[in-house]
1. Kindly indicate whether any position in the range 327-334 is touching a strand residue (DSSP E or B) at 6+ places or on another chain (Cβ under 8 Å), within 30 Å of residue 181 (Cα to Cα) and crowded, with 19+ Cβ neighbours inside 10 Å.
2. Go through the range 194-224 and give me each residue that's more than 25 Å from residue 45 (Cβ to Cβ), touching a strand residue (DSSP E or B) at 6+ places or on another chain (Cβ under 9 Å) and part of a loop (DSSP other than H, G, I, E, B).
3. Just to check your reading of the model, which residue among 21, 7, 17 is touching a residue at least 60 places away in the same chain (Cβ under 8 Å), within 16 Å of residue 336 (Cβ to Cβ) and over 15 Å from the mean Cα position of the chain (by Cα)?
4. Within the range 29-44, does at least one residue satisfy the condition of being in contact (Cβ under 8 Å) with a residue 40 or more places away in the chain and surrounded by fewer than 17 Cβ atoms within 10 Å (Cβ to Cβ)?
5. Give the residue that is farthest from the chain's Cα centre (by Cα), with candidates limited to residues of the range 50-62 that are crowded, with 17+ Cβ neighbours inside 10 Å and either outside the structural domain of residue 34 (by TED's automatic domain parsing) or under 15 Å from residue 201 (Cβ atoms) (or both).
6. Of these, 220, 190, which one is touching a helix residue (DSSP H, G or I) at 6+ places or on another chain (Cβ under 9 Å) and in contact (Cβ under 8 Å) with a residue 12 or more places away in the chain?
7. Could you tell me whether the range 63-85 includes any residue that is surrounded by fewer than 17 Cβ atoms within 10 Å (Cβ to Cβ), over 27 Å from residue 206 (Cα atoms) and in contact (Cβ under 8 Å) with a residue 24 or more places away in the chain?
8. Among the numbered criteria (1) surrounded by 13 or more Cβ atoms within 10 Å (Cβ to Cβ); (2) modelled with pLDDT of 90 or more; (3) more than 30 Å from residue 289 (Cβ to Cβ), which one does residue 141 miss?
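The values are calculated or read from the model by the stated rules, or taken from the named source; none is laboratory data. What you see is a predicted model, and the numbers here were worked out from it, not measured in a lab. Here the Cβ positions follow ideal geometry from the backbone for every residue, glycine too, while neighbour counts run over all protein chains shown.
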């Protein structure tokens, strides 16, 4: 069986930040990526996605974005950036390598791969994020709805919805951005249990992220105190406030039921709806850790600030609220990766083990 120092599961921003940090501690991580490119889920995001943080705040450790650092990079720019980062990363990245499950025996982790291969690792860093596990909440009557139900994970562009009656469920950045985009071609309602909280992208001549960095709010270690992530602010350059004010989309409380193709609104009114689009977030996509007992009943990792509470050699990078409000973002993942790598390196140094990484026969 092939042996490696540290197996990093997932590439993209989290996995590559983890590998970069592990290399700085003299470890030899092997990054295992299920897709065909080391860019994580970025190619599957919707076409118009643009970062809310300027390029100067959106880089991974060791390689800043090039060009205008005050611009807001779009999805394809991020993909290009991550491919360049992978090229300069001093770590092995194996694409088309899906991990099915992770076990533990005699002080080492055993990884079973989709192609039938096996790996043994002294430590594992789970960095697969959340995109592969869209959250579809149990909404009233949704199981009986006969129209189209999509999650924003499946959304690419608004053309599909031209002329339709669409309800977007959610109140976060993706919900508002997509609802406003679709509303240019369809009649759209933004429905949520709580109000949309808009935050100005620029204040007093500075981008919001300048203020977050200057005040320290972006790095404040509040992760351990968050039972659930706080309500997401919708970062707005003025377009979304204007769109909502104009009723494109309009806002309503979440519907109280559904009958066939009709939504029943909170005031009792009913309305035919063609598509319900769920912008209801994601959950950690780490089912491969279930055999370890490393997850709780809801499939969330048992951890404290990215350090496993069940296995000393297991750690995480890229979880929402892992340590700070920016933990699962390009601008924040590097800080968490550095902390996780320090823990992994210290753990491996403390374990006396006759172990030499080796290739499969």
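1. Yes: one or more hits.
2. The answer is 195, and nothing else.
3. Unique residue meeting the criteria: 21.
4. Yes: the range 29-44 contains one or more residues that are in contact (Cβ under 8 Å) with a residue 40 or more places away in the chain and surrounded by fewer than 17 Cβ atoms within 10 Å (Cβ to Cβ).
5. Ranking the candidates gives 56 first.
6. Answer to the selection: 190.
7. yes
8. (2)
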